[in-house]
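Asks: Got a structure for you, questions after.
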Amino acid sequence: MTGDHQHSGPGPIEDYALLSDLRTAALVGKDGSIDWLCLPRFDSPATFSRLLGSERHGHWRIAPTGAVREVRRRYRDNSLVLETEFSTDTGTMRLVDTMPPREKHSHDSPCVVRTVEGLSGEVDVELRWVVRFAYADAVPWVRRVRETEPVLDEFVLAIAGPHIVVLRGDVLPQRARNERAHELVFTLRAGERMSWVMQWAPDPDELPAPRDPDQEVRDSEDFWRGWTEKITYAGPHRTAIHRSLATLKALTYQPSGGIVAAPTTSLPESLTGQRNWDYRYCWLRDATLVLLALDNFGCSQEAEDWRNWLLRTVAGDPADLQIMYGVQGERHLLEWEAEWLPGYQGVGPVRIGNAASRQLQLDVYGEIMDALHLARERGLPENEESWALQRGMLRHLERIWREPDRGLWEVRGPDRYFTHSRVMVWVAFDRAIRAVEEDGLRGPVARWRQIRDEVHAEVLEHGWNPDRGAFTQYYGGDSLDAATLLIPGAGFLPGTDERVRSTVRAVQRELQRDGYLVDRYSTSEDQHEVDGLSGREGSFLACSFWMVDALHYCGWQDEAERMFRGLLDLANDLGLYSEEYDARAGRFTGNFPQAFSHLALVNAASVLYGGRRRGARSRRDPRPDAW
């Protein structure tokens, strides 16, 4: 390895693959390098941080030493067992990567299993292992250990304060000369195999026992095969739907049922910087989409786990409700910057934590009430504690619903009366009324009905701009917002309403790019006072799938299907999506893989082609009498 390598940065976001053990996740590049891994949880400090810097910030690369003619990748069936084949002038090798999922209450330590197989000829291979704990702020003490009791066990131990990992393998790397890295170079011939297992350890006196790498790979395949057998969808684009559902499962923190928005932080939404956020947390507004996405296609247990996480997390004083929490329901997500990391391809800052967790976003109340309404419709039993919690939230919402907020997009500009937020206030009271009228629960339905009707009239008066012929981003403004595409799906107005149709066409004219991509809202210079940030961002992929939904509700089915097919073509070679797509640069931007994008994809498929449903009505089948 030459000195130049230690300064090389990460590749394009779309070049990464996802590994997950349902506790945390790793990103593996096409170059065979694991460039991002937080241990032992999604939101723990990173052990490999090359994704936000260079090789010296931590990575684990296994790849040919020389020129590579071709790289081919695939997941085995619907699993998260990744195969990467490297073809060189002298031969071909396969790299197999996985993180074996652990059962809900398992105390097994997280581990990464990597195996190389010689397929033809011979290939000179390099393994380079650079551990940097605490987001690359802690260089560990690394030593080779050889134990003979009770059995022969040889491994490399890296330790720095509370951070500990152990590496075992058929051959172990040695410290590189003049570098704080460990490396190994060997020749791999056809038919030969070598494996390594890296494990996290909670205590230097309780190091994890060795694991059989071949068995771990088989266990991973068996787990994912068994899980995907539950998926009931067999319509068009089945491969894309299955991959998106598996990605949502992979972003689930198994012990609690919470789902992180993404396993990464600070992958830039704008290549000019500033719009970098930490997404390794659980957003409450994802609840509705998660329940739809998982339960529509047969994953009822995951939907129930998410519902239970939601109820535990929001329990308490409704005035303390946050928009996001940690994977176990933690409240304090203080935001700070890791100034020693330069950021992805030099685009900073690198933020840890998320200050938006303390914002007032009124739409969250509607999302929660809608999610729990859907849970009842789909057969998840309600209980007195759950309904009491919902009534408490509604009492609080009755006191604050007239206040301005920061809106769906968590703007860091001034509070406003965002149209989407007001629509979701309507949803909150509408779902409460339906709980009484349809499900036999008790509540002050007359008062709720009065508020619901007042909010509805207010949105039609102040959110609709007749000069623009569209619902605008906020009251009194003239700028557009893709969140208004959610109006028909929420049941606020039907897709046949001319105001909805006109809004959809207006969003297409002003926010749609290249036929398939939709921006959240304008981020041109004259719009920066809305979100308080500089720089243009890419098109938001979830909004692009929302356009598919809206076109369907408006009765434009052929157009909706054409757009859906176009968006499917934007996935990377493994079927994964980031948060945004920069049409100018032709690349992914934002955190990756993004749950919101995959949620929107599978829900669009449900709208277009149907999934398994329980209950006579749902948010996706708005009733004429719901407005």
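Values quoted throughout were computed directly from the atomic coordinates according to the rules given, and no laboratory measurement underlies them. Note that this is a predicted model, so its numbers are computed, not measured. In this analysis, Cβ positions are derived from the backbone assuming ideal geometry, glycine residues included, and neighbour counts consider all displayed protein chains.
Asks: Can you give the helix-only mean residue ellipticity at 222 nm for the chain, where every DSSP H stretch with n ≥ 4 adds -39500 (n - 2.57) and the sum goes over all residues, rounded to the nearest 500 deg cm²/dmol?
Replies: -9500 deg cm²/dmol
Asks: Between region 472-522 and region 1-80, what is the C-alpha centre distance in whole Å?
Replies: 38
Asks: Which ordering of Ser44, Ser8 is given by a fewest-first count of other beta-carbon atoms within 10 Å?
Replies: Listing Ser44, Ser8 from fewest to most nearby Cβ atoms yields Ser8, Ser44.
Asks: Continuing with the same structure: What is the gain in length, in nm to one decimal, between Asp170 and Trp340 on full extension, counting 0.36 nm per residue of separation less the C-alpha to C-alpha distance?
Replies: Stretched out fully, the Asp170 to Trp340 stretch lengthens by 57.7 nm.
Asks: Mind giving me the nanometre distance, one decimal, between the label points for Glu498 and His396, set 7 Å out from Cα along Cα→Cβ?
Replies: 4.2
Asks: Full-extension gain between Gln328 and Glu103, please, as 0.36 nm times their residue separation minus the C-alpha to C-alpha distance.
Replies: 79.4 nm
Asks: While we're looking at this one, here's another question. Within 10 Å, count the other beta carbons around each residue, average over each peptide in 596-602, 293-299, 194-200, and list them highest first.
Replies: 596-602, 293-299, 194-200
Asks: Once fully extended, how much extra length lies between Glu85 and Leu119, figured as 0.36 nm per residue of separation less the alpha-carbon to alpha-carbon distance?
Replies: Answer, rounded to one decimal: 11.3 nm.
Asks: A further question on this structure: At a Förster radius of 51 Å, what calculated FRET efficiency corresponds to the Cβ-Cβ distance of Asp317 and Gln557, to the nearest 0.05?
Replies: With R0 = 51 Å, the Cβ-Cβ based efficiency is 0.65.
Asks: Can you give the FRET efficiency to the nearest 0.05 for Ala67 and Arg449, using r as the Cβ-Cβ distance and R₀ = 51 Å?
Replies: Computed FRET efficiency for Ala67 and Arg449 comes out at 0.15.
Asks: Moving to a separate point now. Does region 217-371 come out rounded, prolate or oblate, given a ≥ b ≥ c as the square roots of the eigenvalues of its C-alpha gyration tensor, rounded meaning a/c under 1.5 and, failing that, prolate meaning a/b above b/c?
Replies: It is oblate, given that a/c is not under 1.5 and a/b is not larger than b/c.
Asks: Next question. How do Thr98, Thr84, Thr265 rank when sorted from fewest to most other Cβ atoms within 10 Å of their own Cβ?
Replies: Listed from fewest to most nearby Cβ atoms, that is Thr84, Thr265, Thr98.
Asks: Arranged by the count of other C-beta atoms within 10 angstrom, fewest first, what order do Phe588, Phe133 take?
Replies: The most exposed by this proxy come first: Phe133, Phe588.
Asks: Starting from the amide H of Ala46, placed 1.01 Å from N in the peptide plane, find each other amide H under 5 Å away whose residue is 5 or more places distant or on another chain.
Replies: Sorted by chain and number, the residues that satisfy this are Ala134, Tyr135.
Asks: Provide the per-residue ³J(HN,Hα) series for region 21-30, in order, calculated from phi with Karplus coefficients 6.51, -1.76, 1.60 and θ = phi - 60°, each as a whole number of Hz, with x at glycine and proline positions.
Replies: 10, 6, 10, 8, 8, 10, 10, 10, x, 5
Asks: Oh, and also: Tell me which residues come under 5 Å, amide H to amide H, from Ala470 once H is placed; ignore anything under 5 positions away on its chain.
Replies: Under 5 Å from the amide H of Ala470: Asn465.
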